[in-house]
1. Of the residues that make up region 70-78, is at least one assigned to a loop (DSSP other than H, G, I, E, B), under 28 Å from residue 120 (Cα atoms), out of contact with any helix residue (DSSP H, G or I) (no Cβ under 6 Å at 6 or more places or on another chain) and at pLDDT 65 or above?
2. Do we have any residue at all in region 89-96 that's out of contact with any helix residue (DSSP H, G or I) (no Cβ under 7 Å at 6 or more places or on another chain), touching a residue at least 12 places away in the same chain (Cβ under 8 Å) and assigned by TED's automatic domain parsing to the domain that holds residue 50?
3. Return the residues of region 92-107 that are part of a loop (DSSP other than H, G, I, E, B) and either surrounded by fewer than 10 Cβ atoms within 10 Å (Cβ to Cβ) or in contact with a strand residue (DSSP E or B) (Cβ under 7 Å, 6 or more places away or on another chain) (or both); say none if nothing qualifies.
4. How about region 67-76: which of its residues are within 10 Å of residue 50 (Cβ to Cβ) and exposed (fewer than 15 other Cβ atoms within 10 Å of the Cβ)?
5. Within region 53-66, can you find the residues that are surrounded by 18 or more Cβ atoms within 10 Å (Cβ to Cβ) and at pLDDT below 90?
6. Does residue 30 fit the bill of being touching a helix residue (DSSP H, G or I) at 6+ places or on another chain (Cβ under 8 Å), surrounded by fewer than 10 Cβ atoms within 10 Å (Cβ to Cβ) and either outside the structural domain of residue 96 (by TED's automatic domain parsing) or at pLDDT 80 or above (or both)?
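The values are calculated or read from the model by the stated rules, or taken from the named source; none is laboratory data. Every value quoted in this text rests on a predicted model; they were computed, and no experiment measured them. Cβ sites come from the backbone with ideal geometry, for glycine too, and all protein chains shown count toward neighbours.
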């Protein structure tokens, strides 16, 4: 028996795809037949994406971004949204985590600046300055 976390990403049933599309339908966005992770898309070298896990342990989702400024804005917005939900007692507790990935050599890797710092360290240094 396999639990939900160890199932293959490619094992999307019709029911799961319909569930995945519900938020898109509510927003009036186009519906996809396959999740984004299963579509063949050319990703240029150096492309960036923010990843976020709203409740650890849990699944993460991705937001493509154009540059570091946009990445910082997305991460800050997601963090503030989680904090708002906690303060307003929408979520009784939470443990969220996020980061930034860059596409290099055919795979997504954690982004680091020239000093080896990740996006969280860069944001903290900028806040302190």
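1. no
2. Yes; the residues of region 89-96 include at least one that is out of contact with any helix residue (DSSP H, G or I) (no Cβ under 7 Å at 6 or more places or on another chain), touching a residue at least 12 places away in the same chain (Cβ under 8 Å) and assigned by TED's automatic domain parsing to the domain that holds residue 50.
3. Of everything in region 92-107, those that are part of a loop (DSSP other than H, G, I, E, B) and either surrounded by fewer than 10 Cβ atoms within 10 Å (Cβ to Cβ) or in contact with a strand residue (DSSP E or B) (Cβ under 7 Å, 6 or more places away or on another chain) (or both) turn out to be 92, 93, 96, 105, 106.
4. 70, 73
5. 54
6. yes
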